[in-house]
Amino acid sequence: MENGLRVLLLMLAAGALAGCASVRAWLDRDQTAQEPQTLDDLVIAEQEDTLAPPPRVIEPEVERRRIKRPKIDTENVEIGVHYGALSIEDFGTNPSYGVSAAYHVTEDFFLRAELGRSTAGRTSFETLAGDVQLLTGDERYFTYYSLSLGYNFLPGEVFLGRGLAMNSAFYLIGGIGSTEFAGDHRFTVSFGAGYRVLPTDWLAVHVTVQDRVFESDLLGRSKLTNNIEAYVSATVFF
Amino acid sequence: MSGAREYLQVFVTEPYLGLHTGPGRGYPVFHVVGREESVEVLKRRTEWFKVRTERGVEGWAPQHAMLKTVLADGSPFTFDLGNREGFTSHRFEMGVFAGDYGGATLISAYGSLSLNPQLAVELSLGQFLGNASNGVLANLGFAHVFLPERRLSPFATLGTGVVNIDPKATLVSPTDRTDQTAYVGGGLRFYLTRRFFLRGEYRRYVIFTSRDENEEVDEWKMGFAFFF
């Protein structure tokens, strides 16, 4: 109510100011319209010109309105969750889950940070020996993070029937990170490939397979272990 | 604010503006917008703009084509680009490194906020994995870039942070400890292409331990980063 009144008053004020300015412009035009008739008049006019102060430039009394440029929504960040299966070398295949965040730097490259967890099962030795436990409960958690660079290798479109086309891309991904497993942190190199389909501009569904490789001496000898994870993820762009 | 979002309107000045089905160079052009016609800019993803024509057709236009459009008042439509100019002067940086921290393998990431082309505030996080101990470190400091307009530009860093060292159980004093640190360092950054650059860095840390003497650690790291 009060706002409405304020707006009305402001409009009135703006209108009045604009009106005054135009009235002044008309008066000025009238003065300039009087043209000198004779040579004498011209001389007098010239003398008056030199004596009189220069005509006052009308200063705008209303501040120029600044045009606000609507901000463009930049959607380069992609966050999401994933769920799948992780095959921990010697410890069987188990469900895994995690979160990820990615930043799309160019149409070809993106950076992705991932954090995930799985729980190791029993080795065949433990199963056969019966009552032997190689790891305690907490040590069975396989927790990893990775910082990776992805390359959209084969961008394309997926067609569902006649009426629906969804953008897609096949990508390669590789990075470094760390894995906490069996009571120790290990430097981990991960690499793999994924496939992404976008049902809408802001939603993506991925299927990714990555191998997480690190050196382990858990079972006596030091060796490189390959821990292959396959997972489905849902991400949103914003 | 209520109602529909207001979008920026730009006018086509070239003979036509081609709209692609997706935000990528391979997606086919399915619609063209003629000269003098306008489009609304809905969103931007990397180097592509999603636009809507006066007739309501939505498609993606590349940034090099959008650079040739004008605003309603006739001024050119400008926006930040991933190029050398952006490398010289930008607001944010992020990057990932691999390296060596006192003999341990280091994984590190950083983010920076530029106060001007030469000075930036940087936050870096890292984890080191060694034979004797593991640990994490977090640092906040300043980076000063010399000659930011060059493709290869050196920089100096200075800052402070904390380190948490977790010695492996086989060692004599397996106590987990957190100490404050300070560092001084320098490095080089090299512009690659688009928004990417390489960054190599050396830092010397002083760890203020609770014992009689402080520890000093050298850190070398190399990685790539991007600006936005």
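Every read-out reported here was derived from the displayed coordinates using simple, explicitly stated rules and does not represent laboratory data. Just so you know, these numbers come straight off a predicted model, no measurement behind them. Positions of Cβ are generated from backbone atoms using ideal geometry, with glycine treated the same way; all protein chains shown enter the neighbour counts.
Annotations
- Cα shape, segment B:171-228, gyration tensor, a/c 1.5 rule: prolate
- HN-Hα J in Hz across segment A:84-98 - Karplus 6.51, -1.76, 1.60, θ = phi - 60°, x for Gly and Pro: x, 10, 10, 9, 8, 3, 6, 10, x, 9, 9, x, 9, 8, x
- Stretching B:VAL57 away from B:PHE146 to a fully extended chain increases their span by 27.3 nm, per 0.36 nm per residue minus the current alpha-carbon distance.
- The simple spin-label model puts a point 7 Å past each Cα toward its Cβ; for A:GLU126 and A:ASP138 those points are separated by 1.7 nm.
- Chymotrypsin sites (Phe, Trp or Tyr not before Pro) restricted to segment B:106-200 and DSSP loop, no more than 11 other C-beta within 10 Å: B:PHE146
- Loop-located chymotrypsin sites (Phe, Trp or Tyr not before Pro) in segment B:1-79 (DSSP state not H, G, I, E or B) with no more than 14 neighbouring Cβ atoms inside 10 Å: B:PHE79.
- Neighbours of B:ASN131, meaning other residues whose beta-carbon lies under 12 angstrom from its beta-carbon, give a summed charge of -1 when Lys and Arg score +1 and Asp and Glu score -1.
- Electrostatic dipole magnitude of segment A:77-237 [Cβ: Lys, Arg +1; Asp, Glu -1; Cα centre; debye, to 20]: 260 debye
- A:ASP73 paired with A:LEU115, simple spin-label distance in nm, labels 7 Å along Cα-to-beta-carbon: 2.7 nm
- A Förster radius of 22 Å, combined with the Cβ-Cβ distance separating B:HIS31 from B:PHE228, puts the computed FRET efficiency at roughly 0.15.
- With a cut-off of 15 Å between beta carbons, the residues surrounding B:PHE208 carry a summed charge of -2, where Lys and Arg count +1 and Asp and Glu -1.
- When chain B is treated as a Gaussian network with alpha carbon springs shorter than 10 Å, the biggest mean-square fluctuation among B:GLY34, B:GLY141, B:GLY26 belongs to B:GLY26.
- Spin-label zone in segment B:184-228 - amide nitrogen under 17 Å from a point set 7 Å from the Cα of B:MET94 along the C-beta vector: B:195-199, B:223-228
- Shown is the FRET efficiency for B:LEU115 and A:LEU219, computed with R0 = 56 Å from the Cβ-Cβ distance and rounded to the nearest 0.05: 0.60.
- For segment A:97-153: relative contact order, % (alpha-carbon pairs under 8 angstrom, 6 or more apart): 43 percent
- As a calculated quantity, the FRET efficiency between A:VAL209 and B:ASP73 at R0 = 51 Å, using C-beta atoms, amounts to about 0.50.
- Placing pseudo-labels 7 Å out from each Cα toward the beta carbon at B:ASP218 and A:ALA101 gives an inter-label distance of 3.4 nm.
- DSSP-assigned coil residues among GluC sites (Glu not before Pro) in segment B:10-82, each with at most 16 further Cβ atoms within 10 Å: B:GLU36, B:GLU37, B:GLU54
- Formal net charge of residues neighbouring B:VAL163 (Cβ-Cβ distance under 13 Å; K, R +1; D, E -1): -4
- Stretch gain in nm, segment A:ILE228-A:ASP184, where the contour uses 0.36 nm per residue and the Cα spacing is subtracted: 13.9 nm
- In chain B, the DSSP-assigned H stretches of four residues or longer account for a calculated mean residue ellipticity at 222 nm of -500 deg cm²/dmol, using -39500 (n - 2.57) per stretch and the full residue count as denominator.
- Straight-distance crosslink candidates among lysines, where the alpha carbon sits under 30 Å from B:LYS50 and sequence neighbours closer than 8 are dropped: A:LYS68, A:LYS71, B:LYS68
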